[in-house]
Amino acid sequence: MLQIKTKELKMSKDIKQLHHLIESCQGISGSNDRKNMFRDKASCIQDLVRIIYDPYQKFGVTAKNIKKYGKSHDPDKVNPDVSLLELLSLLSEGEFTGHTALRMCWNMIRAFPGYEETIYKAFNKDLKIRVGVKMVNKAFPFLVPEFSCALGYKFEDYEKWFDDNKEQYKV
């Protein structure tokens with residue numbers, strides 16, 4: 001009995017910490033204060049934050065799909081044997097797809113009553129705390145990969161300069 005209780009506590013630890021992070025950051029209006037609070041609260045769940053905010057990690061499920069699945073299917077009586085981080089990792093790697101993925105997600109949500117909205121936010125990849133990838137990387141440098149495109153300049157703005165200096169660049 002003690003071993004089962006310890007396993008349940010270990011699995012729900014990341015969900016509780018994520019819920020605490022969301023609750024803490026929602027009421028903060030200043031971006032610097034929010035960044036500092038995010039850094040303090042998310043330091044122990046960096047892997048979970050990374051997989052949620054990583055734009056290259058796709059889960060293949062959304063809260064809407066899970067709710068729709070839950071209306072037509074009964075949850076299994078078995079508690080999930082993976083944590084939220086492990087489930088998100090398995091979904092992003094494509095280990096579970098389709099109804100299997102929806103069943104795993106639905107069982108995760110039913111196993112942790114009171115944390116449904118937190119889990120739905122994680123599946124939607126939007127924690128609704130006004131923290132984006134740039135702020136995550138300010139709090140934890142290089143945690144989430146970013147794609148930034150080098151911006152070009154309009155040729156018309158520099159056309160006169162090229163006309164004046166074309167002798168210099170003649171081949």
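The values are calculated or read from the model by the stated rules, or taken from the named source; none is laboratory data. Keep in mind that this is a model prediction, so the values were computed, not measured. Using ideal geometry, Cβ is built from the backbone for each residue, glycine included, and neighbour counts are taken over all protein chains shown. These accessible areas exclude ligands, DNA and RNA; they are computed on the full protein's heavy atoms, side chains included. Shrake-Rupley method; radii C 1.70, N 1.55, O 1.52, S 1.80 Å.
So how exposed is Phe96, as accessible area in Å² (1.4 Å probe, rounded to 10)?
Its heavy atoms expose roughly 50 Å² to the probe.
Probe 1.4 Å, all protein chains in place: accessible area of Cys149 in Å², nearest 10?
Looks like 90 Å² after rounding.
Positive end of the dipole of the chain, charges at C-beta (+1 Lys, Arg; -1 Asp, Glu), about the Cα centre: which of Pro80, Thr97, Gly132 has its Cα farthest in that direction?
Comparing the listed Cα positions along the dipole, Pro80 ranks first.
Report, in debye and to the nearest 20, how large the dipole of the chain comes out about its Cα centre when Lys and Arg carry +1 and Asp and Glu carry -1 on their Cβ.
Dipole size: approximately 660 debye.
Grab the Cα-Cα distance for Asp76 and Ala150, subtract it from 0.36 nm times how many residues apart they are, and report the gain in nm with one decimal.
Separation in residues times 0.36 nm, less the Cα-Cα distance, equals 21.7 nm.
When the chain is modelled as a GNM with alpha-carbon springs shorter than 10 Å, which of Lys134, Lys41, Lys154 fluctuates the most?
Highest fluctuation among the options: Lys154.
Here is the link list: Lys68/Lys121; Lys134/Lys154; Lys13/Lys68; Lys13/Lys134; Lys35/Lys64. Which ones come out longer than 21 Å on Cα distance?
Exceeds cut-off: Lys134/Lys154; Lys13/Lys68; Lys13/Lys134; Lys35/Lys64.
What FRET efficiency would be calculated for the residue pair Asp33, Lys125, taking the C-beta separation as r and a Förster radius of 30 Å, to the nearest 0.05?
0.80
Looking at the chain as a GNM with Cα springs under 10 Å, which of Asn137, Asn107, Asn32 has the largest mean-square fluctuation?
Asn32
Once both labels are modelled 7 Å past Cα along the beta-carbon direction, what's the Lys16-Asp47 spacing in nm?
Label at Lys16, label at Asp47, 1.9 nm between them.
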